[in-house]
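The values are calculated or read from the model by the stated rules, or taken from the named source; none is laboratory data. Everything quoted here is computed from the prediction, not taken from an experiment. Here Cβ is always computed from backbone atoms with ideal geometry, including for glycine, and neighbour counts include all displayed protein chains. Remember, those area values only see protein heavy atoms, side chains included, never the ligands or the DNA or RNA. Shrake-Rupley method; radii C 1.70, N 1.55, O 1.52, S 1.80 Å.
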Amino acid sequence: MAIFQLRRPGNPKVDQKPKSKISASRKLSLKIMLLNRAIEDLEKEKQDREEEKNRYLKEKHPSLQLSGLSLGELQNLCKQLYSKIDVVDEERYDYEDKVKKHNKDINELKLKVQDLGGKFKKPALRKVRVSADEMMRALLGSKHKGSMDLRANLKSVKKEDIKQEKVLTTEVGDWRKNVEAMSGMEGRKKMFDAAGGGQ
């Protein structure tokens, strides 16, 4: 039956790290062995590169035999070497251009990755009930003045209002006379007096 101890600041048995099975001297000797192995691998890699370079140069550029050549043969040899130099220069230029382009692309992609990794954290979304008015205010801002509540926009009609409208329509009669009566200052004065502004 195992007894579990709770981790408490005052409990010295639980706070101690478990001891390593490898001693400090053994760890040090392993590190030294790994470093020596890495140094040997680097030297071997350097030698392999030098051998590959020498092999490539011997293959592409064999040693020249200049002894016993006439002036015309030397001139032809110089022309051939010059044409080979042109071809190699073109290839070198193309490779340098490709390397520059690839380095530029790599840098741009690194910047994009940094931008994407740093800025965009996906927020936790929640369901929210929004009325039509609130949605219009959010979309239009201060331009939205009207209400989308259709019931509130409906006029409440009373029976007295209906009777007054009927009286007004019967009094007006011909609409042309009403327009002529309201035109000019006299018509505005009548409207002002009728509204109770003259009292």
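Within the accessible area of region 26-106, the carbon and sulfur atoms contribute 57%, probe 1.4 Å, all protein chains present.
What FRET efficiency comes out for the pair ASP86/TYR56, r = Cβ-Cβ distance, R0 = 25 Å, nearest 0.05?
Values: r = 19 Å, r/R0 = 0.78.
It comes to 0.80.
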